[in-house]
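The structure under discussion appears below in the form of structure tokens.
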There are 2 protein chains.
Amino acid sequence: MADPRPIGLFDSGIGGLTVFRALGRRLPGEQILYLGDTARVPYGNKSRETVTRYTRECAHFLLRRQIKALVVACNTASALALPALLSELPVPTLGVLQPGAARACRLSASGRIGVIGTEATIRSGAYTEAIHRIRPGSEVFGVACPLFVPLAEEGWTEGEVERLVAQRYLSAFDGKGIDTLVLGCTHYPLLKGVIREALGPAIQLVDSAEAAAEEAARLLEAHELLDDRERGGEPHFYVTDSSQRFAEVGSRFLGTSMGRLEQVDITGES
Amino acid sequence: MADPRPIGLFDSGIGGLTVFRALGRRLPGEQILYLGDTARVPYGNKSRETVTRYTRECAHFLLRRQIKALVVACNTASALALPALLSELPVPTLGVLQPGAARACRLSASGRIGVIGTEATIRSGAYTEAIHRIRPGSEVFGVACPLFVPLAEEGWTEGEVERLVAQRYLSAFDGKGIDTLVLGCTHYPLLKGVIREALGPAIQLVDSAEAAAEEAARLLEAHELLDDRERGGEPHFYVTDSSQRFAEVGSRFLGTSMGRLEQVDITGES
């Protein structure tokens, strides 16, 4: 098996780089095209209709670049837009929500599961539905944490402010008896430290980026689309706003320069 | 004098409602059309090129509605886009930056002036330039406060987290000897309490919304465009994303229901 076509992956901004990194580790033979919709970031405070339009444009931009599979590396887009778009996409497509939900169901002993995410993700109820489908009878508690994305983007991840913010949001789980918490936004792994501190060591954290990378590997294998070269082609990064800030934050995050990085206009892609 | 055409006013989101309110108080006989670009909010983390494109689309959307004057009620748009767009706009146009800068120059005794704003506004250096033009020899210190907008949008304006965030950002002014601080973002008046607390009572705060309303009145008078009816027509609110959240936050903010509120698509307006 050696399908040399790239995998497409997109997010509203830089959060999806957590998925990019996990995927690169899991499937080192694959080339990845990454699209960050930085001209319209964030998605988490926008409506289903608007997020669906943006998601469609991102997907079609990547499809025109001959991708063999698509990973929607944004929880908000996965929750709000993916169900409606799946049928119109001609390649195997995966969101980050389903793999995170499945992993939480496997890990939880009590079936009492917490989910944190953007306002739009939590309001959609998509995690609750996904978890109930896999494990009926489980109890799901969703809490929106709107400030976590701006904190992560600001690079404030281990200080007093972020500790207080985490305590304030996560105190909503007090008395709920959860044993597992899904980090339902690709930015949140950057705040793992303060989240763990606020919750205590007994609660397991599910990183949807890791779960999605595993699931992507299974999906490609099932469709016989894997590329088993030792090293895949260089990744290509596309952004919809000026690339300077993305290059700075992104290289800090990945620990390497961004290589090929290009600004593009995706408005009206369909 | 009685020109019944409306005044157009736009912002990236709800922040401009501080200007809307100040303008309504100052000019009760005028009808105002308000546009919030909520599908692409915020502007403060985006590039000059992208903010200019968005600003042009907002302006032309309102121009097609027969406005007699335009108020750019967003500091980021005023700083990054307005200088380039002024010449192509066929009606008297005003940003919030110039009036705020002018008021700070009048109020400051020492000529040592602080400015806080979004990352894009501060990086542009537009306040520094404007202040130096009015009062050469003054010293201007700019500090970006990226978390203030999400805090205001979240309604966290008077608690411990926001106090700490304000202290952390504003400690950059320690030892600078400023006597005046420009709130260079229309969201920031919502955080006046914690900002004042962090700075102490000796420093005067300049609210660019109030300053812009004064300047708009002068501009309309100079162009003989005032409408001196006792009460202007009902305002009309346009948003580019679903209007529900805007209606909730907006009515809480204005203390009244939003009346006519409509979702519109402005992509490609020119």
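Please treat every number below as a calculation from the coordinates, not as lab data. Nothing here was measured: the structure is a model prediction, and the numbers come from that model. Note that we place each Cβ from the backbone using ideal geometry, even for glycine, and neighbour counts take in every protein chain shown.
Couple of notes before you dig in:
- The same position B:Gly200 in the other copies lies at 4.4 nm from this copy, comparing label points 7 Å beyond Cα toward the beta-carbon, shortest first.
- Contact order relative to length of the stretch A:57-158, as percent, for alpha carbon pairs under 8 angstrom and 6 or more apart: 24 percent
- Relative contact order of the stretch B:98-208, defined on C-alpha pairs under 8 angstrom at six or more residues apart (%): 35 percent
- Label geometry 7 Å along the beta-carbon vector: B:Glu262 inter-copy distances in nm: 4.0
- Sequence-separation-based contact order of chain A, relative, with Cα cut under 8 Å and 6+ spacing, percent: 28 percent
- Taking the longest Cα principal axis of chain A as reference, the axis of helix A:48-63 is set at about 40 degrees.
- Label point at B:Ala109 placed 7 Å out along Cα→Cβ; residues across the stretch B:148-190 whose backbone nitrogen lies under 19 Å: B:175-182
- Counts of other chain beta carbons within 10 angstrom of each beta carbon in peptide A:38-49 average 5.
- Rounded to whole Hz, the Karplus (6.51, -1.76, 1.60) HN-Hα couplings of the stretch B:5-20, x for glycine and proline: 5, x, 9, x, 8, 9, 8, 5, x, 8, x, x, 4, 5, 6, 3
- Built amide H within the under 5 Å cut-off of A:Leu261, gap 5+: A:Phe237
- Cα gyration tensor shape for the stretch B:98-208, rounded if a/c is under 1.5, else prolate or oblate: prolate
- Beta carbon of chain B nearest to the axis of the rotation taking B to A, residue and angstrom distance: B:Pro150, 2
- Computed from point charges on the beta carbon alone (+1 for Lys and Arg, -1 for Asp and Glu), the dipole magnitude for the stretch A:98-208 about its Cα centre is near 500 Debye.
- Among the trypsin sites (Lys or Arg not before Pro) in the stretch A:1-93, those placed in a DSSP loop whose Cβ has at most 16 other Cβ atoms within 10 Å are A:Arg64, A:Arg65.
- For the stretch B:82-142, diffusion coefficient by Stokes-Einstein and Kirkwood Rh (Cα), 4 °C, 1.567 mPa s, µm²/s: 105 µm²/s
- Over the stretch B:144-189, the ratio between the Cα radius of gyration and 2.2 N^0.38 Å evaluates to 1.18.
- Cubic angstrom per residue, convex hull over Cα atoms of the stretch A:22-156: 134 Å³
- DSSP bridge analysis restricted to the protein assembly as shown gives an antiparallel fraction near 5%, rounded to the nearest 5.
- Student exercise, chain A dipole from Lys, Arg, Asp, Glu Cβ charges, in Debye to nearest 20: 360 debye
- Ranking A:Gly175, A:Leu85, A:Ser242 by Cα position along the charge dipole of chain A, where only Lys, Arg, Asp and Glu carry charges on their C-beta atoms, puts A:Gly175 farthest toward the positive end.
- Value at 222 nm in deg cm²/dmol, rounded to 500, when DSSP H runs of n ≥ 4 in chain A each add -39,500 (n - 2.57): -12500 deg cm²/dmol
- Of A:Asp174, A:Asp37, A:Asp241, the one that fluctuates the most in a GNM where chain A has Cα springs shorter than 10 Å: A:Asp174
- Listed residues B:Val194, B:Leu254, A:Ala39: farthest to the positive end of the dipole of the protein assembly as shown (Cβ charges): B:Val194
- Value of Rg/Rh across chain B [Cα atoms, Kirkwood radius]: 0.95
- For A:Leu35, distant residues with modelled amide H under 5 Å away: A:Leu9, A:Phe10, A:Asp11, A:Tyr238
- Computed from backbone phi, the HN-Hα couplings of the stretch A:217-227 come to 4, 5, 5, 5, 5, 4, 8, 6, 10, 5, 10 Hz, rounded to whole numbers (Karplus: 6.51 cos²θ - 1.76 cosθ + 1.60, θ = phi - 60°; Gly and Pro given as x).
- Placed amide H near A:Ser242: partners under 5 Å, 5+ positions off or other chain: B:Ser47, B:Thr50
- C-alpha center-to-center spacing [the stretch B:214-248, the stretch A:29-77] in angstrom: 37 Å
- Cα-only Debye scattering, the protein assembly as shown: base-10 log of I(q)/I(0) at q = 0.10, 0.12 Å⁻¹: -0.83, -1.14
- Label distances, nm, A:Ala84 versus same residue in remaining copies, Cβ-directed 7 Å point: 3.3
- Applying the criteria of a DSSP loop state and at most 15 other Cβ atoms within 10 Å to the GluC sites (Glu not before Pro) of the stretch A:144-253 yields A:Glu158, A:Glu224, A:Glu230.
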